[in-house]
Structure formats: C-alpha cells, structure tokens
Amino acid sequence: MTGLLIITLLFVAIAAAHLSWGLRQWTWISAAAIAAFGIFGITSWGSTIIVALVYAAIAAPLNLPQIRKTYLTLPILKIYQKMLPQLSETEKVALDAGTVGWEGDLFSGRPRWNQLLRKRTPELTVEEKAFIDGPLEELCDMVDTWDISHSRADLPEEIWNHLKVHGFFGLVIPKEYGGNGFSALAHRAVLQKVSGLSAEVSSSIAVPNSLGPAELILHYGTEEQKNYYLPRLAKGKEIPCFGLTGPTAGSDATSIPDHGIVCKGQWEGEEVLGVRLNFDKRYITLAPVATVIGLAFRMYDPDQLLGDKEDIGISLALIPRDTEGVDVGNRHLPLNVPFQNGPIRGKDVFIPLSALIGGTSMMGQGWRMLVECLSVGRAISLPSCGTGAAKMVSLATGSYARIRKQFNMPIGRFEGVEEALARIAGLTYAASAVSKMTAVAVDQGEKPSVPSAIAKYHATEYARTAITDSMDIHGGKGIIMGPGNYLGRAWQGAPIWITVEGANILTRSMMIFGQGAIRCHPYVLKQMAAVNQSDKRKRLNDFDKALWGHIGLSVGNAVRSMVLGLSFSRFAAVPGDRRTRRYYRKLSRYSSAFAFLADVCMLTFGGKLKQKEYISARLADVLSQLYISSAMLKRFEDQGRPAADQAILAWAFHDSIYRMQEALRGVIDNLPNPVMRLGLSAIIFPFGKRERKPNDRLNHKVAQLLINPGETRDRLTDGTYSANREGHLIGFMEDLLPRVIAAEPLERKMLKAQRSGQVTGLSSDEQLDSALAAGVLTETETEMLRQVRADTFKVISVDDFPAEELRSGLRYRAADTLENNPATGKAAIGDDDSASNDDRHAA
C-alpha cells in the first residue's frame with residue numbers, strides 16, 4: 001500500500017498547486033496524510049517511516065527559513081545575478097513609468113474575473129454628450145474629404161476656426177485653464193467619430209490632446225508655463241507640435257543627436273543663462289502650422305554653469321515658432337493623406353532656461369516625462385482612430401454588400417464575401433472593446449503602458465485588415481479615387497497609423513512582452529529590486545521571499561494548466577451565463593499556460609530573452625489576445641449580455657483563442673531543447689491543438705448581421721458619423737439600405753416576370769414601364785423601384801475627370817529637391833504663377 005500513500009501525496013501536491021495553498025498548508029496536510037496511513041495500518045510502519053523521512057528531507061529545508069536561505073536561496077541568487085539582463089536607461093524609465101492593471105492578473109495565471117466585471121464602466125457626462133451631438137456633429141457636417149485631401153491638401157479656414165472656437169485642441173485641458181476637461185472616454189468618442197471621416201481632421205485633433213506640449217505642461221510645467229500656455233492652447237491661440245523623431249533616432253529615441261549647450265545669450269534684450277540648440281526633426285505632425293514647438297534634446301553643461309554634471313540628459317523645451325534660427329514650414333506628404341506634417345530644424349537657437357518644461361528642476365527628466373505621457377496618449381489616440389476607421393468600414397461595407405448586386409443577388413450573400421464581412425465585423429468588435437477598456441483604465445487613474453501598446457498595435461492592425469477586406473469587397477469602386485470614394489484614403493493611410501507612436505513591428509516584438517514580463521509579472525520586478533539592494537541581509541531576505549513566491553506561482557500554473565487542459569477547463573471557477581462561461585474557462589486555462597510558459601522562457605534564455613524577438617513577439621500575441629478577449633467579455637457584460645450579439649462575440653472570441661493557441665504552439669516549437677518541447681506540449685496541450693477558427697456557419701451568421709439593419713449592427717458601429725448629406729455617400733447608403741431591402745421582393749417579382757416574358761425592354765426604365773403596363777407592379781411599386789435603382793446606381797458609380805485636371809496635379813516640393821536638404825542642396829523652382837510655399841500651406 002506504499003504506492004497508494006505516494007499517490008495520495010502526489011494528489012495533495014497537485015491540489016496544493018492548483019488551489020494555491022501556502023507552503024505550510026501543504027506541509028501539514030501532507031504530514032497528516034502520512035500519519036493517517038501509519039496509524040490506521042494502511043501502510044506498514046517501516047514503509048511509513050521511510051516515506052516520512054523522504055518527505056521531511058524535502059519539506060524541512062523549505063519550511064526552515066535559515067536553512068532555505070543559506071543552502072537554496074543564496075546559490076540561486078548568485079546564478080540569478082549573472083543571468084539578470086542589463087537594462088538600458090530607456091527600458092528602466094519605461095518600466096518605472098506605467099502602472100499595472102488587468103494585465104497583471106493575466107500574467108499571474110489566475111485572473112480574478114469577478115473583480116474585472118465589478119468595475120463600473122463610466123459613462124459620458126451630459127456635457128460630453130452635448131459636445132458630441134453639437135460641435136462634433138457640426139464639424140463632421142463641414143468635412144469634405146476629397147476637397148481636403150485632393151484639392152487643398154489642408155483643412156479649410158472654417159474648419160480650423162471651428163476647431164479653435166469649440167476647444168478641440170483643449171479636450172483634455174482642465175476647465176480652470178479654459179479647456180473642456182473631458183474624460184478619456186469622451187476624448188476617444190471624438191477621435192473615433194472624426195477618424196472614420198477624415199484622417200487629416202482627426203490627426204489635427206489627436207496630436208494636441210496626446211503627446212504634445214499641453215499634456216507635458218499640465219503634468220510637469222511650472223505655474224507660469226501652465227498659466228500662460230494652457231489657456232492659449234485650449235482656445236487655439238497657440239497651435240502646438242512636438243519634435244521627438246529625427247533622421248537617426250526613431251524607435252531608439254534616447255539616442256537623439258539633437259543637443260543643447262548651456263550658455264549665456266541674448267533674450268528679449270537681456271543677457272540670460274539659457275541653452276543654445278541645434279536640432280533636426282522629421283515626421284512632426286502640425287509642425288507646418290504650429291506656433292509653439294515642443295522639443296526633446298540632450299542637454300549638456302560643459303562649463304558647469306548649472307552644477308558639476310556635464311551630460312544633464314534628455315530635456316524638453318518650448319520654443320516659439322518665430323525664434324531666431326528655427327526653420328519650420330515645409331511639409332511631408334504621408335501617402336497622399338496630407339495632414340499637416342513636416343520637418344523642424346534649428347541652428348544655434350537660443351532659449352532661456354525658463355523655456356524648459358518644468359524649469360531647471362525637470363532638466364534631464366525628459367524621457368521619463370515623455371514615456372509617462374505617451375502611455376496615456378497612446379492609450380487613446382491611435383486605438384480610437386483605428387477603431388473609428390474599422391467602424392466606418394463595417395458600416396459602409398455592410399451597406400454596400402447588400403446594395404451592390406451581381407447575378408441578381410447581393411454580393412454580401414456570396415460565401416467568399418461573407419468570410420471577409422465576418423472578419424471585418426469580428427475585428428471591429430475586438431478593436432472597439434480593447435480601445436474602450438484601455439480608455440476606461442486611463443479614466444480610473446492608471447497609466448497603462450502595456451495595455452496602451454496592446455491597444456495601439458491591435459486596433460491599428462485590425463483596422464488595416466478590415467480596410468483591406470473592404471477594398472476587396474468593393475472592387476473597382478474602392479480603387480477609383482474621387483469624391484465618391486470613401487475607402488481609398490483610409491487604405492492609403494493605414495500604414496501611417498501602423499508606424500507612428502511606436503512602429504507596430506517593434507511594439508509587438510519588443511514592447512508588449514518585453515515590458516510586460518518585468519512590469520506585470522507578480523515577482524520578476526521584486527526579484528530585480530532585491531538583487532539591486534546594497535544591504536546584503538536585506539538583499540537575501542527580499543530575494544528569498546520573491547524567489548519562492550515565484551517558484552510556487554510557476555509550479556501552480558504548470559499544474560493548473562495541465563489540469564484545466566485535461567478537464568477541458570471545467571475545474572475553473574468563473575462567472576458568466578450558459579454561453580459565456582466556457583469562454584471564461586478557456587481564458588483561465590490559457591492565462592495559466594501563458595504565465596507558466598513565460599516563466600520557462602525567462603529561465604531558459606535569461607537575459608538573452610529580450611534579443612529573442614521571435615519568442616517575445618509570440619508571447620506578446622498571447623498576452624494581447626488574453627487582454628482583448630477579456631475586454632470583449634467585459635463589453636458584452638456591460639451591455640447586458642445582448643442575445644443578438646452572441647454570434648459576433650463568438651466569432652471574435654474563437655478568432656482570438658485560435659491566435660492564442662497558435663502563438664503558444666509557436667513558442668514551444670522553437671525552444672532549444674526537444675525534451676522541453678515534449679514536456680511543455682504535454683502540459684499545455686495534453687490533447688493537442690483543439691481550437692479552431694470561426695467556422696462557415698458562424699461566418700454566415702455574422703456577415704448577415706452586418707448587411708441587415710439591426711441592434712447588433714447599431715452597437716457595432718455606434719459613434720460613427722452617418723448623416724445623409726451632400727458629399728457623404730456612407731450616410732446616403734445608410735438611408736438607402738432599408739429601401740433596397742424593402743425593394744428586394746419587387747426585384748424578385750420583376751425577374752420572374754422577365755423570365756416568363758411578361759416584362760420586356762432593354763433599359764431599366766423600359767422594363768419598369770413594361771411591368772407597370774402588364775400589371776406586374778403597381779404604380780407605387782414601380783416608382784419605388786425606379787427610385788431605388790437610381791439611388792443604387794449613384795452608390796456604385798465611380799468618378800472620372802478631364803485629362804487636364806489629372807495632368808495638373810498638386811504642386812509640392814519633393815524631399816530630394818528641398819533647398820536645405822543635405823542630400824542634394826538643390827532648390828525647387830516652380831512656375832512664376834505658382835503660389836508660394838507659405839501661401840499654400842498657411843492655416
């Protein structure tokens with residue numbers, strides 16, 4: 001019966017790991033089991049004593065702190081110090097900048113679902129709703145996308161004035177400084193609505209309200225800077241931009257060569273202590289029209305005028321546009337989406353120390369300031385814009401796929417088109433959920449550095465996929481540019497949003513898991529902090545506590561992952577109804593699997609893990625999909641579990657969980673040790689890969705939800721501009737859609753009559769007249785069908801232009817012919833009657 005005792009002890013150990021028992025609880029229960037077997041004679045006393053001695057040899061060192069620290073923890077500490085990755089200054093600042101929210105639960109392997117669902121999701125205030133229904137709707141009514149993107153390459157003066165008068169540049173500036181003081185949720189709603197209409201307008205609003213001077217001044221500025229600049233920025237008296245990226249410093253922003261030397265100089269007629277700047281920035285949104293420039297540069301004090309430190313570090317400053325030596329006004333042309341964007345250059349630009357954001361007390365703190373603001377701004381701006389674009393695509397493509405017919409059938413009923421429609425709807429649902437959850441986190445006081453990277457990456461990627469699918473569905477309608485094309489500029493501009501505020505390829509491979517593994521893990525940051533303790537005793541004590549907590553968590557996640565895999569997740573305690581409970585269970589299982597696999601990778605690669613970008617990227621995919629799926633379930637619960645949305649939630653969830661499975665499998669398959677790969681496969685996938693992509697039946701259900709008016713479609717595209725006015729074809733299609741559906745029985749009646757010979761004629765009008773004469777249609781039905789056909793033709797028509805108009809094109813200075821371009825040193829020479837650069841691009 002000794003075997004039974006060993007099996008019992010193993011069962012107790014598994015239960016302890018799965019249920020997260022403490023070390024002492026496991027010790028006492030195991031000891032009680034051994035004693036019970038001996039006392040009741042289940043095993044012989046000899047066997048009992050042998051098992052007890054082996055058990056004591058394992059349990060005693062773990063339960064006796066001094067022995068454990070001396071003989072177990074200390075040797076591991078020495079090894080850990082050698083394995084610990086060397087973090088760059090950039091990484092250290094990024095780790096310290098953010099806070100940890102729901103992503104920390106996912107990294108623990110034990111997500112507390114009830115805690116997530118209990119968090120109240122805030123609603124827009126009455127004032128915020130009034131702004132969205134009033135000034136924002138009025139702004140959208142003013143936008144002529146073709147005029148802005150093709151004819152002007154700029155916003156018309158009345159739109160610039162509207163943005164200033166109604167405080168669009170001061171959405172997040174507090175009311176005490178003249179701003180609107182809106183929540184992150186309202187900020188998201190504004191950008192979401194505008195971005196589905198015009199990237200030029202949305203970028204003009206997004207930049208001043210995210211990573212720009214206003215946010216930096218609000219958090220770090222001196223009182224004088226706040227009182228002077230914030231009211232002016234809020235009312236549009238100052239147009240801001242911020243210069244960070246340069247020709248040689250993009251993603252590695254801390255390596256910027258732009259520098260400032262502390263010295264004395266003339267400012268407003270007096271000699272003052274200040275900084276002489278030399279800089280070269282590019283890709284700066286709003287730079288061509290900016291009146292005040294925020295600048296990041298490395299500050300040096302070679303003469304030690306401010307102290308004994310020569311390299312002060314990255315600092316931030318505010319520079320008026322008209323400061324001597326500043327060269328600004330030329331424009332880039334980003335993929336024919338001509339929002340105001342261009343270079344900023346400066347040679348021997350002198351500014352006083354009072355121009356440093358936060359004054360001298362904040363000099364050298366620039367990178368920390370930027371990262372803290374970026375984690376908030378990036379959580380709102382690009383996820384909101386990506387979501388807005390995806391919602392616009394869902395609304396427009398759903399209507400078009402029902403209105404447009406081929407082979408006497410709406411193209412939305414073809415299975416190939418249904419697959420793309422379902423993908424558009426499902427990815428829009430996911431993008432909307434993750435962007436809202438991240439914005440809410442900001443409103444709840446978090447600085448969500450990891451979720452903001454997740455939201456930015458996936459919302460923009462999902463939008464790009466949705467736009468590409470939509471272009472495929474629209475065919476020729478999507479590729480012929482003109483006033484009637486509502487997709488072309490969005491498709492052209494998709495790579496822009498992928499690139500800005502952290503290129504997606506690096507966000508995925510370096511940032512999401514790279515930061516998350518340290519910042520979000522329950523113990524890794526504590527272990528690293530312990531190692532850096534100067535006091536040896538405290539170092540050992542802190543490391544001991546973190547180490548064994550980490551080991552216990554990792555063992556628990558391994559057991560939990562295998563138990564949930566073997567039981568098809570049935571032993572996970574989760575909330576939800578009959579349909580959603582299985583979703584929570586799957587996420588609980590994969591959260592444990594992810595947490596365990598992340599620990600294995602950190603142990604396997606040590607400090608080299610951050611160079612293993614293939615591995616890091618796949619782990620980032622798992623963490624991202626766990627977070628996105630959580631956001632979707634949170635959205636579903638917050639909306640009252642609408643039965644009509646179950647199909648679209650199911651599609652989005654199955655797509656997410658399949659991606660998760662493939663990423664986990666990809667990590668395991670690329671680990672260096674074959675025995676390790678086999679063991680991990682058995683733990684994480686005991687029955688193999690069982691997750692599947694959304695099936696054909698689900699694709700059909702979701703596609704039909706998109707091409708039919710209904711509550712699910714309304715919720716999916718909520719917040720999208722859909723007014724039926726001149727120049728806005730999407731609103732026209734929305735008005736036409738129910739009339740097209742109502743006319744479908746008449747179309748079927750006409751087709752049947754044509755096949756039987758009752759209706760004749762070559763043109764549509766001839767056929768309708770014949771149908772009326774033959775009594776196939778009533779007069780009311782005839783006129784209804786005539787109007788629907790005419791309106792449908794308007795929708796499917798494309799634009800054409802006189803040849804001379806296309807030959808004339810837009811005049812702009814190409815990058816390789818700029819007068820001050822270091823590559824050529826050539827000046828562009830235009831015709832005598834061409835407008836000057838300043839005249840063309842003045843706001």
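Just a few scattered comments:
- Helices in the chain that qualify as membrane-span-like (whole DSSP H runs, Cα extent of at least 27 Å along the helix axis, mean Kyte-Doolittle hydropathy of -1.0 or higher) are 366-403, 415-443, 449-474, 536-566, 581-605, 613-638, 646-669, 729-756.
- Note on the range 1-51: Kirkwood hydrodynamic radius from all Cα pairs is 11.1 Å, rounded to one decimal.
- Accessible area, probe 1.4 Å, largest first, for residues 275, 371, 100: 100, 371, 275
- Share of pairwise Cα separations in the range 578-711, more than 19 Å, in percent: 54
- Projecting the Cα positions of 326, 202, 410 onto the charge dipole of the chain (unit charges on Cβ atoms of Lys, Arg, Asp and Glu, taken about the Cα centre) puts 410 furthest along the positive direction.
- When the solvent-accessible area of the range 105-149 is split by element, carbon and sulfur atoms take up 51 percent of it, the probe being 1.4 Å.
- Taking the Cα atoms of the range 590-663, the ratio Rg/Rh between the radius of gyration and the Kirkwood radius comes to 1.12.
- Two-decimal Rg/Rh across the range 721-811, once Rg and the Kirkwood Rh are taken from alpha-carbon atoms: 1.15
- The lysines whose alpha-carbon is closer than 26 Å to the alpha-carbon of residue 634, local same-chain residues fewer than 8 away aside, are 119, 129, 193, 391, 436, 447, 456, 586, 693, 701.
- The charge dipole of the chain, taken about its Cα centre with unit charges on the Cβ atoms of Lys, Arg (+1), Asp and Glu (-1) only, comes to about 5160 debye.
- Cα shape, the range 105-254, gyration tensor, a/c 1.5 rule: rounded
- Portion, in percent, of the accessible area of the range 430-532 that falls on carbon or sulfur, probe 1.4 Å: 61
- Solvent exposure of the chain as accessible area per residue, Å², 1.4 Å probe: 44
- The accessible surface of the range 216-370, taken with every protein chain in place and a 1.4 Å probe, is 47 percent carbon and sulfur.
- Three-way shape label, the chain, alpha-carbon gyration tensor, a/c 1.5: oblate
- For the range 367-502, projected area of the alpha-carbon convex hull averaged over all directions, nm²: 8.7
- Remark: C-alpha extents of the range 189-255 on the principal axes read 38, 35, 18 Å, sorted largest to smallest.
- Overall form of the range 501-625 per C-alpha gyration tensor (a/c, 1.5; a/b vs b/c): oblate
- Residues with amide H under 5 Å from that of residue 284, placed H, sequence gap 5 or more: 342
The values are calculated or read from the model by the stated rules, or taken from the named source; none is laboratory data. None of these values were measured; they are calculated from a predicted model. All Cβ positions, glycine included, derive from the backbone under ideal geometry; neighbour counts span all protein chains shown. What goes into the accessible areas is simple: the full protein's heavy atoms, side chains included, and nothing from ligands, DNA or RNA. Shrake-Rupley method; radii C 1.70, N 1.55, O 1.52, S 1.80 Å.
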